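Input: a single structure, listed below in structure tokens.
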Amino acid sequence: MCWSQKEGFSVRKKGYKGRCEKRVISKCEGVFRSYDPIQSVYADMLQADDSIREIRCNVPLDGLEEGEYTSDFLCIKSDGDMMIRECVQRKLLTKPMTIKLLDASREYWLRHGVTDWGLVINAEK
């Protein structure tokens, strides 16, 4: 298993075929696919948030220098603004490759005019 495909790691390889939970969420067009519990729990939080109009999951980062990866969530807020959230386990935050890919995601979305970029981190120490 490649490091980028481990459970709990955001910015997954595009086309990742690992275990996933599939379900229908009204704010998500098509089938929602989560690859770890952090994504699943956060999707429920977004679904319940009245300020979120639409949820897009596992969004491709086209043209990324580091390779073909995806962001966990692109959300359209009720005011039309976009927000990006990457889900990551706390224990992976100090890994150099994790930092590199999260920085690449943040820079990618900044280049596309999205300034509301953030992390969703599990509560485990």
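The values are calculated or read from the model by the stated rules, or taken from the named source; none is laboratory data. Fair warning: this is a prediction, and the values are worked out from it, not measured in the lab. Ideal geometry is used to build each Cβ from the backbone, glycine not excepted, and the neighbour counts take in all protein chains shown. SASA here: full protein model, heavy atoms, side chains in, ligands and nucleic acids out. Shrake-Rupley method; radii C 1.70, N 1.55, O 1.52, S 1.80 Å.
Structure above, values below:
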{"read-out": "Per-region count, region 61-86, residues at pLDDT below 95, in a loop (DSSP other than H, G, I, E, B) and open to solvent by less than 70 Å² (accessible area, probe 1.4 Å)", "value": "4"}
{"read-out": "Selection within region 18-31 - open to solvent by less than 70 Å² (accessible area, probe 1.4 Å) and out of contact with any strand residue (DSSP E or B) (no Cβ under 8 Å at 6 or more places or on another chain)", "value": "Gly18, Gly30"}
{"read-out": "When residues of region 87-104 are limited to those that are part of a helix (DSSP H, G or I) and hydrophobic (A, V, I, L, M, F, W, C), the one nearest to Gly63 (Cα to Cα)", "value": "Ala104"}
{"read-out": "Qualifying positions in region 32-60 - open to solvent by 60 Å² or more (accessible area, probe 1.4 Å) and in a strand (DSSP E or B)", "value": "Arg33, Arg53, Arg56"}
{"read-out": "Residues that are open to solvent by 80 Å² or more (accessible area, probe 1.4 Å) and assigned to a helix (DSSP H, G or I), drawn from region 108-124", "value": "Arg111"}
